[in-house]
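Asks: Can you keep this structure in mind? I'll have questions shortly.
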Amino acid sequence: MSRTTARLATILLFTALASPVLAQQPTAGPSPQPPAAPRPAPPPASAEARAAADRTDALTRSVFWTQEAEISPQDPIAGVKAAQALRELGRYDQSADMAQRVLMVQPDNYDAMLEVGRGHIARGQAFYGIQALEKARDARPGDWRPWSLLGTAYEQVRRAADAQAAWAQALAIAPENPDVLTNMAISAMARGDNAAAEPLLRRAAAQPGASLKVRLNLAMVLGLTGKMGEAEQILRRDLPPEQADSNLAWLNARNAAGGQQAAATTARTWGSLQGG
């Protein structure tokens, strides 16, 4: 074999030995696609949309304002209004939590302090709202609302003397305020003291600014103390016939079960605290 022929054979041998190795190399796949860009968050609602939402029912407002709070966690107005709507729906734990989230962003937000107090009072855990309410009271001692709410909170945690002092201060700031008088009356009902609640609610209902809830509270305490005729007059004036009939049936059922115990149970679960 010539030298040239031997060299060619050697090259062919190396080529043959290398071919299987080259065949095992992975083939390049398609290039990975970059991750899709996250969708931008929707912008907050316009002032007109917010004003329209405020005119809707509690359920609609809770959905609207909760979404606004999620879009803009730094927006205290959205958080406070979501907490208010949730409380009106009886979702007290969520209400207190939403208001507390506002305070995490703005610790001195006055409306959020009040709403934290309302939420915890409504869920029967007033102890956890007292600190926020006391801070609100200290921030604006001339506002009757934190005093009134503190009275209810103190009463719930069995600080009766502090409760009476707080309500007295609220009435000194806003004499004969129907919301303060109603809070005092509801607390009396929670103790089973309808005799104390009735004159307070009569005073509250006599005020020009008394709300429908004040009059319905008066009708309730009158009915539970056996004054069904007067209670029916109020209910017939303020409610459609079907609702009046339903409330009268409820009162009759509670009277049959024992009025004092029923009143206390109702007051403890009252979902709509007065005071803004």
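Asks: Say whether the condition of being open to solvent by 10 Å² or more (accessible area, probe 1.4 Å), more than 30 Å from D138 (Cα to Cα), part of a helix (DSSP H, G or I) and at pLDDT 90 or above is met by at least one residue in segment 171-192.
Replies: No, that holds for no residue.
Asks: So, D143, is that one acidic (D, E) and in contact (Cβ under 8 Å) with a residue 12 or more places away in the chain or not? Write out each step before concluding.
Replies: Working: acidic (D, E): yes; in contact (Cβ under 8 Å) with a residue 12 or more places away in the chain: yes.
Here the answer is yes, as D143 does meet what is asked.
Asks: On the basis of being of a type in the set (D, E), touching a helix residue (DSSP H, G or I) at 6+ places or on another chain (Cβ under 6 Å), free of Cβ contacts under 8 Å to residues at least 40 places away in the same chain and in a helix (DSSP H, G or I), does E230 make the cut? Spell out how you get there, then give the answer.
Replies: Details: of a type in the set (D, E): yes; touching a helix residue (DSSP H, G or I) at 6+ places or on another chain (Cβ under 6 Å): yes; free of Cβ contacts under 8 Å to residues at least 40 places away in the same chain: yes; in a helix (DSSP H, G or I): yes.
Yes; evaluated as a whole, the condition is true for this residue.
Asks: Could you list, in sequence order, the residues of segment 183-211 that are over 13 Å from E155 (Cβ atoms) and of a type in the set (S, T, Y)?
Replies: S211 - this is the single residue of segment 183-211 that is over 13 Å from E155 (Cβ atoms) and of a type in the set (S, T, Y).
Asks: Consider V221 against the criteria (1) surrounded by fewer than 24 Cβ atoms within 10 Å (Cβ to Cβ); (2) in contact (Cβ under 8 Å) with a residue 40 or more places away in the chain: it satisfies all of them except one. Which criterion is unmet?
Replies: (1)
The values are calculated or read from the model by the stated rules, or taken from the named source; none is laboratory data. Being a predicted model, the structure only gives us computed values, none of them experimental. Cβ coordinates were reconstructed from backbone atoms using ideal geometry, including for glycine residues, and neighbour counts include every protein chain displayed. Side chains included, ligands, DNA and RNA excluded: accessible areas come from the protein's heavy atoms. Shrake-Rupley method; radii C 1.70, N 1.55, O 1.52, S 1.80 Å.
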